[in-house]
1. With a cut-off of at least 2 residues that are aliphatic (A, V, I, L, M), name the strands (runs of 3 or more DSSP E) lying wholly within the range 27-111.
2. Just the residues that are in a loop (DSSP other than H, G, I, E, B), hydrophobic (A, V, I, L, M, F, W, C) and surrounded by 15 or more Cβ atoms within 10 Å (Cβ to Cβ), please, taken from the range 167-202.
3. Within the set of pairs 6+ apart or on separate chains, which have a first residue in the range 42-65 that is closer than 19 Å to LEU128 by Cα, a second that is of a type in the set (Asp, Glu) and open to solvent by 50 Å² or more (accessible area, probe 1.4 Å), and C-beta atoms under 8 Å apart?
4. Among the residues of the range 17-35, is there at least one that is open to solvent by 60 Å² or more (accessible area, probe 1.4 Å) and at pLDDT 80 or above?
5. Please state which one of ALA8, ALA59, ALA41, ALA12 is more than 20 Å from GLN196 (Cα to Cα) and either surrounded by 10 or more Cβ atoms within 10 Å (Cβ to Cβ) or modelled with pLDDT of 60 or more (or both).
6. Criterion first (open to solvent by 30 Å² or more (accessible area, probe 1.4 Å) and modelled with pLDDT of 85 or more) does PRO138 satisfy it?
7. Any residue that is at pLDDT 85 or above, loosely packed, with under 13 Cβ neighbours inside 10 Å and assigned to a loop (DSSP other than H, G, I, E, B) - is there at least one of those in the range 145-161?
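The values are calculated or read from the model by the stated rules, or taken from the named source; none is laboratory data. What you see is a predicted model, and the numbers here were worked out from it, not measured in a lab. So basically every Cβ, Gly included, is an ideal-geometry build from the backbone, and we count neighbours across all protein chains shown. Just so you know, the surface numbers come from the protein's heavy atoms only, side chains and all, with ligands and any DNA or RNA stripped out. Shrake-Rupley method; radii C 1.70, N 1.55, O 1.52, S 1.80 Å.
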Amino acid sequence: MWHKWPVALLLALAACRTPPEATPTKPAPPPVRILHFYASAPEVAAGQSVTICYGVENARAVRLDPPVEPLKPLFNRCFPVSPSRTTTYTLTAEGADGGTASASFTVRVGASGASAEPRREPEGMIRLFAASAEEVRPGETVTLCYGVAGAASVRVEPYGLPLEPAEKYCFLVKPPATTTYVLTATAADGRREQAQLIVRVRQ
């Protein structure tokens, strides 16, 4: 015997059998990283300046405390500061996901002599030094990139092959174990700058 079901009930039953559509999930943004943050000297005399360099990745904003000047999220930037007293500088980078990363160092200010004169630090030669990954599996390669301005020669240790000064140059390395890579840029007058990064190899 056929039952006469109300049309509204049949439509409701059909709707119940329809599986809900899956909501596509957006991939999480990569975490923010501070590639490097250092001063050209750990101590200066009163009235002298020191160069601060920083580099960040996957950041939408960066700030320095105590503030010196507005900063932008860059792979590498250097600028001079003249602390009047011993100062701890803290760099904070904010990622697209709201996460933050921070790093700090202290510049000590000593007494200046009677004949001490303010010294102007030259603009940094190293503009970029970064790795495509901070951690790899054994046997995997990683890309290192550097950029310099005003340098007569460039070398990366440990690497072993000659490198040319360039605004941006990348090459592959295969670290056998956790390795600290040091970039050295040398000017024609012998002045040198260094930057370093660490690539970890999971055991």
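1. Because the criterion is at least 2 residues that are aliphatic (A, V, I, L, M), the strands (runs of 3 or more DSSP E) in the range 27-111 that meet it are 33-39, 43-45, 50-57, 59-65, 87-95, 100-110.
2. Scanning the range 167-202 gives a single hit, ALA187.
3. Taking only residues 6 or more apart or on different chains, the pairs are ALA59/GLU94; ARG60/GLU94; ALA61/GLU94; VAL62/GLU94.
4. yes
5. ALA12
6. Criteria met by PRO138.
7. Yes; the residues of the range 145-161 include at least one that is at pLDDT 85 or above, loosely packed, with under 13 Cβ neighbours inside 10 Å and assigned to a loop (DSSP other than H, G, I, E, B).
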